[in-house]
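Single-structure report; data block below.
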Amino acid sequence: MPLQRKNYSSLAEPVGPYVHAVKHNNTIYLSGLTAFGTKAQSGHIEEQAESIFRQIEDVAKSEGVDLENLIKVTIFVTELSRMTELRKVLFDVYGDYLPASSLIKVEELFSQDLKIEIEATLAV
């Protein structure tokens, strides 16, 4: 099956040379998503995470699955001071379906307001 490069109308138009996701066989590889352009953009890291997971959920639903199908998430954060709050969001989102995960602290993201970016892989 050839690769399908996909953009989703529920997400903001990509601002660079990339697509929202690439689908290969029964797997969706999502580009890094942020809260940029949302009400959560200048909020705390947990508010931004909730906004991002709503975006991921929108993609999952458009592919006929839900967040139980998360295989892997890679989370980039600019601060570690609110990790307790972020972990609570993650446990609430994942429920009993914990994905593989990486957490990487970075100095900054492309906008000073942003505290978190999440890449995700979904089984479809």
Starting from the range 80-91, take each residue that is under 16 Å from GLU107 (Cα atoms) and list its partners that are basic (Lys, Arg) and open to solvent by 100 Å² or more (accessible area, probe 1.4 Å), counting only C-beta distances under 9 angstrom and pairs at least six apart or across chains. LEU80/LYS105
Taking LYS105 as the residue in question, decide whether it is basic (Lys, Arg) and touching a Phe, Trp or Tyr at 6+ places or on another chain (Cβ under 9 Å). yes
Do any strands (runs of 3 or more DSSP E) entirely within the range 42-124 hold 3 or more residues that are crowded, with 16+ Cβ neighbours inside 10 Å and either of a type in the set (Phe, Trp, Tyr) or at negative phi (or both), and if so, which? 70-77, 116-123
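The values are calculated or read from the model by the stated rules, or taken from the named source; none is laboratory data. Since we're looking at a predicted model, the values are computed, not measured. Positions of Cβ are backbone-derived with ideal geometry, glycine not excepted, and every protein chain shown enters the neighbour counts. Ligands, DNA and RNA are excluded from the accessible area calculation, which covers all protein heavy atoms including side chains. Shrake-Rupley method; radii C 1.70, N 1.55, O 1.52, S 1.80 Å.
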